[in-house]
Amino acid sequence: MKDEATYRRLFRTALLIRLVEEQIIALYPSDKIQSPVHLSIGQEAVAVGVCDGLRPDDLVFATYRSHGFYVAKGGRLDAMFAELYGRTGGISGGKAGSMHLAAPEVGLMGSSAVVASTIPHAVGAALAFKRRGTDRIAVAVFGDGATEEGVYHESLNFAALMKVPVLLLCEDNGLAVHSHRPMRQAYRLAEHAAAFGIASRRLEEGWDMLAVRDVTLEAAAEVRAGAPFVLEIATSRYKEHVGVGEDFHFNYRTRDSIDSFKRRDPLIVDAALASALKPELEREIAAAVAFAEASPLPGRPDLLTDII
């Protein structure tokens, strides 16, 4: 029996993420959004389930496809849209854009356009937690393609040696841009983690927000006890790698492969609940867009600020 209150809460956040990204799709042709976007439509259950399985003071280090994690961790929606618009009311004054969202006040640390680059940051944060004697944990979010980068292997080795409280979360949508895993990898993620003595688990039901939450709670408990953990969640992105359209004309995947995931997607299947929640969420999004459009553009005095 599923917990209806928990399901409804997770569903609401997941639907908010999808509607936010559908609003981005609608706005994008107007050129009001001043940065490339990587949409997570189809992957919402991962961000929602994982963030709900964490504590508010846990830190998440995300990727360039981080709209979902930003919203699920509690980032301000108006500041996110203002950032996408390149306005001063954005989270980084309009300088970061979609690929570098951050909301440190709610525990979403820097996202990055460089594949695998936030993984060592999460490991470093986890080491700090250990040395300070806290029971907070850090979460590194990445796609399966990031595991081909040297820094991923170095980070696993260091995390295992130092026994730092880091949860290494692989959002596996089966693709690195247009390349499928068998074309790129001669290893299996779980077996690779085991070579470092790191426990791991793979969840195939990446559409199931409650299942994602449950497995995150279990993994987070192990991490808080003093051991890194690799959690791999199978999911599906519905849109193109970067941009707001579809890309089936490239023939690297089929509509059938996406439709099989959509048939189990709660945001599609549970149409009655989506319809009931949609008006309130659309008003919230409209207010955020209005804030972005009313926010000033940066001026010349802003050009050389925030430079290290």
Based on Cα positions only, what radius of gyration and what Dmax would you give for the range 185-241, in angstroms? 13.0, 39
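Hey, can you find the accessible area per residue of the chain for me, probe 1.4 Å, expressed in square angstrom?
Details: 13700 Å² over 308 residues.
The answer is 44 Å² per residue.
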With an 8 Å Cα cut-off and a minimum separation of 6 or more residues, compute the relative contact order for the chain in percent. 24 percent
Given 25 °C and 0.890 mPa s, how large is the Stokes-Einstein diffusion coefficient of the chain in µm²/s, with Rh as the Kirkwood radius over Cα pairs? 124 µm²/s
Expressed in angstrom and rounded, the centroid-to-centroid distance over alpha carbons for the range 182-232 and the range 242-266 is 25 Å
Out of the range 99-162, which trypsin sites (Lys or Arg not before Pro) are coil in DSSP terms and have no more than 12 other C-beta atoms within 10 Å? none
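Largest first, how would Phe250, Phe196, Phe69 line up by accessible area (1.4 Å probe)?
Working: Phe250 115, Phe196 60, Phe69 5 Å².
Correct descending sequence by accessible area is Phe250, Phe196, Phe69.
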Beyond 28 Å between alpha-carbons counts as too far, so tell me which of Lys2/Lys73; Lys95/Lys278; Lys73/Lys95 fall in that bin. Lys95/Lys278
For Ser275 the rounded accessible area (nearest 10 Å², probe 1.4 Å, non-protein molecules ignored) is 80 Å²
Rounded to the nearest 500, the 222 nm mean residue ellipticity computed for the chain from DSSP H runs (n ≥ 4, each -39500 (n - 2.57)) alone is -13500 deg cm²/dmol
Using just the alpha carbons, could you tell me how many Å³ per residue the convex hull of the range 27-117 encloses? 90 Å³
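Quick one: ranking His121, His38 by accessible area, 1.4 Å probe, largest first, what do you get?
Working: His121 110, His38 15 Å².
Ranked list, largest accessible area first: His121, His38.
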Cα centroid distance between the range 49-99 and the range 17-35, in Å? 15 Å
For Thr63, solvent-accessible area (1.4 Å; no DNA, RNA or ligand), Å²: 30 Å²
Running Debye on the range 233-290 with equal point scatterers at the Cα sites and no solvent, what base-10 log of I(q)/I(0) appears at q = 0.13, 0.21, 0.23 Å⁻¹? -0.52, -0.96, -0.99
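In whole percent, and with a 1.4 Å probe on the protein chains, what portion of the accessible area of the chain is carbon and sulfur? Walk me through the intermediate numbers first.
Values: 7590 of 13700 Å².
Here carbon and sulfur together make up 55 percent of the probe-accessible area.
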Between Asp135, Asp247, Asp31, find the one with the highest GNM mean-square fluctuation for the chain; connect C-alpha pairs within less than 10 Å. Asp31
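Check each of the trypsin sites (Lys or Arg not before Pro) in the range 246-284 and keep only those in coil by DSSP with at most 12 other C-beta atoms within 10 angstrom; list them in order.
Numbers: sites: Arg253, Arg255, Lys262, Arg263, Arg264, Arg283; in loops: Arg253, Arg263, Arg264.
Those that pass, being in a loop and sparsely packed, are Arg263.
Please report the antiparallel percentage of DSSP beta bridges with both residues in the chain, rounded to the nearest 5.
Details: 3 of 27 bridges.
That works out to approximately 10 percent antiparallel.
The values are calculated or read from the model by the stated rules, or taken from the named source; none is laboratory data. Keep in mind that what you see is a predicted model, and the values were worked out from it rather than measured. So basically every Cβ, Gly included, is an ideal-geometry build from the backbone, and we count neighbours across all protein chains shown. Calculation scope for accessible area: heavy atoms of the full protein, side chains included, ligands and nucleic acids excluded. Shrake-Rupley method; radii C 1.70, N 1.55, O 1.52, S 1.80 Å.
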